[in-house]
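Right, one structure below, let's go through it.
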Amino acid sequence: MSDKYDELKEKLKNRGYKLTPQRKSIFDVIIDNIGKHLSTEDIYDIVRKKCSDIGLATVYRALILFDEIDVVSKLILDDSCVRYEINSHREGHYHHHLICNNCGKVIEVNGDYLEELEHKIETEYDFKIVDHKLKFFGICSNCKKAL
């Protein structure tokens, strides 16, 4: 994971920022919770255990900055809650998400199954696709068993 910290430091430096202890603590929480899609408040609650003097506004500002420099991705679900995760996209493409309508669980789909569709759209509409984000809504296996 040191490459993620190196990437963060480099991108911050390029924008005239430093990796402050607060930003590092916030980034640590995101790294330590990969796959959990934490909200700002979730991150704040966790980071306060290590940095009791950190404010919620500091967490908000850091997450906005991390998103702007492309080291984290925002995931906005139907509940309008913004969640964050480490940006692990390759060549401008992100993984997809399965979201359970019953319990709210978020499951990552690691394959990119839209390449053929993208090619067709680019050809038919003379449109260069640089990114896409896809969310599927349904019922997870645990909730299906409970029904």
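The values are calculated or read from the model by the stated rules, or taken from the named source; none is laboratory data. What you see is a predicted model; the values in this text were computed from it and never measured. Here the Cβ positions follow ideal geometry from the backbone for every residue, glycine too, while neighbour counts run over all protein chains shown.
Do we have any residue at all in the range 45-56 that's at pLDDT 90 or above, in contact with a strand residue (DSSP E or B) (Cβ under 6 Å, 6 or more places away or on another chain) and either assigned by TED's automatic domain parsing to the domain that holds F137 or not in a strand (DSSP E or B) (or both)? The answer is no; no qualifying residue exists. All of I107, I69 fail the test of being surrounded by 11 or more Cβ atoms within 10 Å (Cβ to Cβ) and in the same structural domain as D32 (by TED's automatic domain parsing), apart from I69.
Residues in the range 33-44 that are outside any loop (DSSP other than H, G, I, E, B), in contact (Cβ under 8 Å) with a residue 24 or more places away in the chain and either surrounded by 18 or more Cβ atoms within 10 Å (Cβ to Cβ) or aliphatic (A, V, I, L, M) (or both): L38, T40, I43. With respect to (1) assigned to a strand (DSSP E or B); (2) in contact (Cβ under 8 Å) with a residue 12 or more places away in the chain, the lone exception for F66 is condition (1). Applying the criterion of being at pLDDT 85 or above and in contact with a helix residue (DSSP H, G or I) (Cβ under 9 Å, 6 or more places away or on another chain) to the residues of the range 87-104, the residue that is surrounded by the most Cβ atoms within 10 Å (Cβ to Cβ) is C100.
Of all the residues in the range 113-147, those that are over 22 Å from S73 (Cβ atoms) and surrounded by fewer than 13 Cβ atoms within 10 Å (Cβ to Cβ) number 15. Of all residues in the range 76-86 being of a type outside the set (G, A, S) and at pLDDT below 85, which is surrounded by the most Cβ atoms within 10 Å (Cβ to Cβ)? If we take residues in the range 76-86 being of a type outside the set (G, A, S) and at pLDDT below 85, then L77 is surrounded by the most Cβ atoms within 10 Å (Cβ to Cβ). Which residue, of K128, K144, is outside the structural domain of L19 (by TED's automatic domain parsing), without any contact (Cβ under 8 Å) to a residue 24 or more places away in the chain and part of a loop (DSSP other than H, G, I, E, B)? Being outside the structural domain of L19 (by TED's automatic domain parsing), without any contact (Cβ under 8 Å) to a residue 24 or more places away in the chain and part of a loop (DSSP other than H, G, I, E, B) holds for just one of K128, K144, which is K128.
Name the residue that is modelled with the lowest pLDDT, counting only residues in the range 112-141 that are under 20 Å from the mean Cα position of the chain (by Cα) and charged (D, E, K, R). Once the filter is applied, the top-ranked residue is D112.
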